[in-house]
Each structure stands twice: as structure tokens, then as C-alpha cells.
Amino acid sequence: MATQSQAARGTAAAATTTTIEDLHPDMLIRALRRLDGPALAAASCATTHLRAIASQPDLWRDLCVTTWPSLRHPRLLRLLSSSPNAHRSFFSDAFPSPSPLTVLTDDDASLPSELISAVDLYHQGAPVLSRVVETDTSTLWFRGAPFRIDALDRKDPPPPPSPTVPAAEPVISPEDLTLSWVVIDPHRRRAMIATSRHPVAVDRHWITGETVVRFASVLGEECALGVVVTCGEATGHVLEMSLMAEGIDGVCLNGRDGLAVIHAAMEGDRKREEAKEVERRKWEEFVGRRQRRKEAAALRERAVDLACLAVGGAAFLALFAIAVSR
């Protein structure tokens, strides 16, 4: 009898247990809206019911717009509204970091003919600047010139002050800047985060006194994508911001090679976002390899110069000896 009563109580308790499946869908949606992207993707893998709710396009649309305010641009709103899963696909492309590159394409036809840059700059988590830059990359001028996309130029009017930045604190400290520069291929519907989110180097220009903040993503042994942000000397306000592709020799890649790097990164694998210390260490290692290569090239040039001097000296002595012997 005791065993039967315990079993009955266990059955009754199991019958009255409330699981997450029993919650009203509206309550679940409100809870899921508080999650970030990785947590929302993990929640969708828990149960079939959660997967159905977490796959709703409105959840991913709101998450993307919150993560990247620049996506409110009319061109990007139209682009990401073209399919039900466009925002979720965009997040899976743009949020993780690209993996190191292995092979670059030699087919010019596969390179992007247009790039859209969604740029969001923050200071201590508060938005400072949001811009969308549309770049025609199909022209011979772009592909032959050094790869460079300007999000802000000195001649542009200064960005309006953000309502979230207190007026009593007009000075911006460059070390506290964070950046999201997402490059989008609108025709293939692919995207990637172009650089690190945290600065990898902060330097002061020795002539102007302006602060140069560098964000970079090292994509292999031979190349890196970098954004250079120039801040004013007095207030730290952003004056210039440009995306460039750099080779290991320290020279900017041309437009064609820069597009090949971006195309390979878009089509390649993704990895988790790395800590800012890891991003900085990888950039320092890249700069170290560049410096060692420059030093090796300088040694080779010096050896060639010495060899030329030795050959020239030997030839002069030989001619002098012939002249004296006569």
C-alpha cells in the first residue's frame, strides 16, 4: 500500500510539473528577445517548440537592428527584407569572425561588383557614429588603385552628437572605442565582419598630435584587413575612418587583390569572436613578421650593394694594373 501511494504521488507530481513548453508563446517571445544572438541560436536547438518560436523573423530582425544600428538604412532594410530568413543568415555571417584564408580566387568574374559597408562606432558602449557606404567595385579605377573605403573624411561634416552620450563629457578617449565594420555583398547576399571590435594599436601622430586608432583582422600569414580611425588632439572627436587591405610587406593591396581577400573571407568558415588580447597579439605577430621581412630584404640589398662595389673595385684595379704595365 505504501509503495502504491508513493507511486501515485509521483505520478500526480509529474502530471502537475510545468515545463517551458507549457508557457504561453507570447511569454517565451518576450524572454527570447532579451537574449543575444549566440544565446538565441542555442535556445533554438533545445526543443522543437523553442526552435519554432526562436526562428521567427521578427526576433532576428530586432536583434540585428539592435546589434548594428546602421542596418536601419533604407537600402539595407530592403535587402534584408527580401526573404524570411535573411536576418538570421546575416547574423550567422556577420557576427562570427572569419577564419584565416587559404586560397584566393583568380577569377575576376567571381569578385564582388559592389560592396556595402555598415559601420557602427561606439565609445564605452554608446554609439558615436553609424554610416552606410555603398562602393562600386567593378570599375578599373577601383581595382587598379590601392584598396580603400572611406566611411568618414575630414571634408565631411562632423557626425551629430549621440543622444546617449552626456553633453558634460565631450572628450572621447580613443582607447575606449569599439567598432563594427560589416562588409556586405548585396548580389550574393553574403556578409562578414571586416576587422576586430577592439583596437589593436593606439598611436599618436608625431607631427599633428592626432591619435591614430587601428582595428585589424589578420586573415593569414600574408594579409590583413584594417580600419584606421583618426581622432582629434583636443577632444578626441573622430576625423577620419577608412578600411584598407594590407600585405605582409607593408604595402596596401590594390583593389582587385583586396576584393579577392574579402571574397575568400566571405565564402570561408567562421570562428568565435576572440578576446581583445588575442586580437592585439595576432596583430603584433603580423607586424613582427613584416618587420623581420623588411630587415631580411634590407640585408639582401646591402649584400648586393657590397657585391657590386667589390666587382667594381676589382674591375678598376684590373684596368689600373693593365695601364701601369704598359
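Give me the orientation-averaged projected area of the Cα convex hull of region 246-326, in nm², one decimal. Intermediate values should be presented prior to the final figure.
Working: hull surface 34.4 nm².
Averaging across all directions leaves 8.6 nm² for the Cα convex hull.
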| Based on the alpha carbon coordinates of region 19-143, what radius of gyration and maximum Cα-Cα distance (Dmax) apply, in Å? | 18.0, 61
| request: List the lysines whose Cα lies under 29 Å from the Cα of K294, skipping any in the same chain that are fewer than 8 positions away. | output: K276, K282
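Assigning unit charges at the beta carbon (Lys, Arg +1; Asp, Glu -1) and nothing else, what dipole magnitude in debye, to the nearest 20, does region 169-302 show about its Cα centre?
Values: 21 positive and 23 negative charges, 105 e Å.
Dipole about the Cα centre, nearest 20: 500 debye.
Over the Cα atoms of region 185-323, Rg to Rh with Kirkwood Rh, two decimal places? List each step's numbers first, then the result.
Numbers: Rg = 22.1 Å, Rh = 18.3 Å.
Radius of gyration relative to Kirkwood radius: 1.21.
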| field | Selected from P112, F90, S138, residue furthest toward positive end of dipole (region 72-163; charges at beta carbon) | value | F90
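What share of Cα pairs, in percent, lie more than 14 angstrom apart in region 46-118?
70
Compute the whole-percent fraction of alpha carbon pairs in the chain spaced more than 33 Å apart.
43
How much accessible area per residue does the chain have, in Å², with a 1.4 Å probe?
Values: 18440 Å² over 326 residues.
Per residue, the chain has 57 Å² of solvent-accessible surface.
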| What are the principal axis extents of the Cα atoms in region 176-256, in Å, biggest first? | 43, 28, 20
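The values are calculated or read from the model by the stated rules, or taken from the named source; none is laboratory data. Note that the structure is predicted; figures quoted are calculated from it, not measured. Here the Cβ is made from the backbone with ideal geometry for all residues, glycine too, and neighbour counts use every protein chain on show. Side chains are part of the model used for accessible areas, which takes the heavy atoms of the whole protein and leaves out ligands, DNA and RNA. Shrake-Rupley method; radii C 1.70, N 1.55, O 1.52, S 1.80 Å.
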